[in-house]
Amino acid sequence: MVSDEKEQLSSEAIEAARVACNKYMTKHAGKDAFHMRVRIHPFHVLRINKMLSCAGADRLQTGMRGAFGKPQGTVARVKIGQTLLSVRSRDANKGHVLEALRRAKYKFPGRQKLFISRRWGFTQFDREDYIKLKEQGRIIPDGSHCKLLTNKGPITL
């Protein structure tokens, strides 16, 4: 899922999208049939300068003097084209992944787009390149990543 707007996404919205996607995928594909990553992190702190609105409030507060507020929550600042959620699974579960991300999309404000990546899982290799390199024995699987053996260095073929 990729953002189509420059916006701020609250930590609550990110968590709601993660839960919605995870629940749908667990129910329809099984808990061991997918791997999901939340690719944004809410580091930016929102603050609020509370103002009183009752009688005699003008004697209790100072207006905009010393207006650095108290923390209210955290948000992730998102750029256009930035990846929000990633899910990897087998091709048989492609429909379930798209539906899960579509449901998670409703938890965010603004517009998002769903993409099917041409890469193999969370690696940096395209699907065809990965299969060729694996047949040649030049890739060592390492969890959700992989290591590429080059022709120079201490480990050569």
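Odds and ends about this structure:
- Restricted to the range 41-70, and to residues there that are of a type in the set (S, T, N, Q) and either modelled with pLDDT under 80 or in contact with a helix residue (DSSP H, G or I) (Cβ under 7 Å, 6 or more places away or on another chain) (or both), the residue that is surrounded by the most Cβ atoms within 10 Å (Cβ to Cβ) is Gln61.
- Residue list for the range 1-35, restricted to those being outside any strand (DSSP E or B) and of a type in the set (A, V, I, L, M, F, W, C): Met1, Ala13, Ile14, Ala16, Ala17, Val19, Ala20, Cys21, Met25, Ala29, Ala33
- Flag for Val38 being in contact (Cβ under 8 Å) with a residue 60 or more places away in the chain, in contact with a strand residue (DSSP E or B) (Cβ under 7 Å, 6 or more places away or on another chain), surrounded by 12 or more Cβ atoms within 10 Å (Cβ to Cβ) and not aromatic (Phe, Trp, Tyr): no
- Condition met for Leu157 (modelled with pLDDT under 90, farther than 25 Å from Ala92 by Cβ and surrounded by 14 or more Cβ atoms within 10 Å (Cβ to Cβ)): no
- Answer residue from the range 103-154, given it is over 21 Å from the mean Cα position of the chain (by Cα) and among the β-branched types (Val, Ile, Thr) and is surrounded by the fewest Cβ atoms within 10 Å (Cβ to Cβ) among those: Thr150
- Hits in the range 68-84 (condition: polar (S, T, N, Q) and assigned to a strand (DSSP E or B)): Gln72, Thr74, Thr83
- Residues being farther than 23 Å from Trp120 by Cβ, loosely packed, with under 14 Cβ neighbours inside 10 Å and over 12 Å from the mean Cα position of the chain (by Cα) are entirely absent from the range 81-101.
The values are calculated or read from the model by the stated rules, or taken from the named source; none is laboratory data. None of these values were measured; they are calculated from a predicted model. Here Cβ is always computed from backbone atoms with ideal geometry, including for glycine, and neighbour counts include all displayed protein chains.
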